[in-house]
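Derivation of every value follows stated rules applied to the coordinates shown; laboratory data play no part. Predicted, not measured: the structure shown is a model, and the values here were computed from it. We place every Cβ from the backbone using ideal geometry, glycine too, and count neighbours over all the protein chains shown.
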Amino acid sequence: MSDVESIKTLEHRINELEKENNLLHETIQHLTRKLFGRSSEKTSVLSLGQMSLFDEVETQANPKAVEPDLKQVEGYQRKKFNGQRKELLKDLPHEKRLCTLLEDDRFCEECQTTLVSVGEEFVRTEIEFIPAKVRVIDLYRETFECRSCRKNDLPYMEKAPVPSPVIQHSMASPSTVAWVMHQKFVNALPLYRQEKEWKMLGVELSRATMANWIMAAARDWLTPLLQRMHQKLLEENYLHADETPVQVLNEEGRKNTTDSYMWVYSTGKHGEHPIRIFEYQPGRSGKYPQKFLKGFKGYLHTDAYLGYQKVEGITRCLCWAHVRRNFVDALPKDIHSPEATLASDGIRFCNELFEKEKALEGCSRETRQTERLKQEQPVLEAFWAWVDFHKNKVLPKSKLGEALKYAVNHKQELTNYLKDGNCSLSNNLAENSIRPFTIGRKNWLFSGSPKGATASAAVYSMIESAKANGLNPYKYLCFIFRELPGVQFGQHPEFLEDYLPWSPEVQAVCK
């Protein structure tokens, strides 16, 4: 090999090592930001360079800001506080508590004459906390007889009806089962911590008993409602779907460390009824959404996971929040550096789409579709031209290269939302629905069995559907467990309609 060839070989090797070094630096910066930095993707955060947890004072400081005087501060704070307090307390019961003198103290210290009340003045408002308490209800049934029939040797007796129990042969009441579910699935309080709280209240209630309550109540009363809601969901034209891993123990033929998945399916923003349904499955195969969504013929909003391609007869709409997230991940540590220009441009394109979409929220379906073609399609055309121009000029394996490749590979699915005015620009609705589950998962870590995971899915479905319909989840669960037992919905499935979260009666009593 000649000296010239050796030099070229070395130069080529140096270039390759430099590229590899840049990729490694980028990966380290990305992982460091994910681990220690802010999770927010808001433009205001990114533009200020707030990648650290501790730089709020420096980035928010403004030396030119005018310092308000004491009078301005006091006046502003007092007005703001009163408004906040009034709004905060408007739905709470109020109790008037009058501070007065004892009878023995109602005399004038000068002449000993009895004092007479001449009025009262308002002093302040306080919020009183009343700790939870537990009481035992012993149910008795009264028996009645007809004395006239008895005299005629025709004894007639009748017993008063007794409400059906939420769980047979159990001391559980609708309120206790609903509260255990609320604590675990709304407040993310694991059963072992609830066990301690019950003990403090004087009840030796084991976590095993509470787990049994959850599974039995979910199986008997929540699952029939979910099946009815599933039918309604498939009749919609716009759905969202997402999935997240969950560890489930004691799955047959699988190690405890193997990932299972919790899937969530949601009706769209403009659907007839807000529905959120969670489904536990032992894997992430596309056969699971294919089976669950069988019969659905509409627009399905998802991320780019290939498994959703198995769902037949649908039009997929991919999420522009994911596109934006990819460009956010491609930002270098110094977001004002020249290397950040392309990633920032990609973010700006996405931001422009979301800003235009926000302005169209109150429009009708037809107007929204027309305005999208008029306002957003030019932005999309400029974006694709920008992507095509730069896609071969960056390192393919870099974060920016991956962001551009993602956009190119999914161009059709990313523009399908233009076909219908009720389609969404993002899949944030499904991601927000599954977020409470991911938060709770950090506390309870795993499900003890497939039955437990199935029950958890049922409870999360009812709770998130309740929230989506403007209900108080605890009140709704209490209503179901109090009213549904004893209803003959097996013979008359239509009876379940009265217990769905959008029914007038439920809306009236569960707000």
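Pairs spanning more than 21 Å between alpha-carbon atoms, out of 291/419; 184/475; 86/133; 196/451; 133/159; 356/411: 291/419; 86/133; 196/451; 133/159.
How do 301-307, 423-429 rank on mean C-beta neighbours within 10 Å, highest first? List each step's numbers first, then the result.
Working: 301-307: 17.6, 423-429: 21.6.
Result, highest mean Cβ count within 10 Å first: 423-429, 301-307.
Across the alpha-carbon atoms of segment 414-511, the computed radius of gyration and Dmax are 16.9, 50 angstrom.
Which of the peptides 129-139, 267-277, 380-390 is most tightly packed, and how do the rest follow, going by the mean number of other Cβ atoms within 10 Å of each residue? List each step's numbers first, then the result.
Details: 129-139: 6.5, 267-277: 20.5, 380-390: 14.5.
Ranking the peptides 129-139, 267-277, 380-390 by packing returns 267-277, 380-390, 129-139.
Near the amide H of residue 447, within less than 5 Å, lie the amide hydrogens of 247, 248, 249, all on another chain or at least 5 residues away, with H placed in the peptide plane.
With no solvent and one equal point scatterer per Cα, compute the Debye intensity ratio I(q)/I(0) for segment 271-326 at 0.25 Å⁻¹ and report its log10, rounded to two decimals. Normalising to I(0) and taking log10 leaves -1.17. Cysteines in the chain that lack a partner Cβ within the 4.7 Å cut-off: 99, 108, 111, 317, 319, 350, 363, 423, 478, 510.
Amide H contacts of residue 242: 264, each under 5 Å away and 5 or more positions distant or on a separate chain (H built 1.01 Å from N in the peptide plane; Pro and chain starts excluded). Taking each of 269/405; 232/467; 90/467 in turn, the alpha-carbon distance tops 25 angstrom for 269/405. Here the Karplus relation 6.51 cos²θ - 1.76 cosθ + 1.60, evaluated at θ = phi - 60°, turns the backbone of segment 282-294 into coupling constants of x, x, 10, 5, x, 5, 6, x, 4, 6, 5, 9, 4 Hz, with x for every Gly and Pro.
Peptide packing: for 118-126, 346-354, 103-111, 391-399, the average count of neighbouring Cβ atoms within 10 Å per residue gives the ranking 346-354, 391-399, 103-111, 118-126, highest mean first. The trypsin sites (Lys or Arg not before Pro) found in segment 144-240 include none that occupy coil by DSSP while having at most 12 further C-beta atoms within 10 Å. The Kirkwood hydrodynamic radius of the chain, based on inverse pair distances between different Cα atoms, is 28.6 Å.
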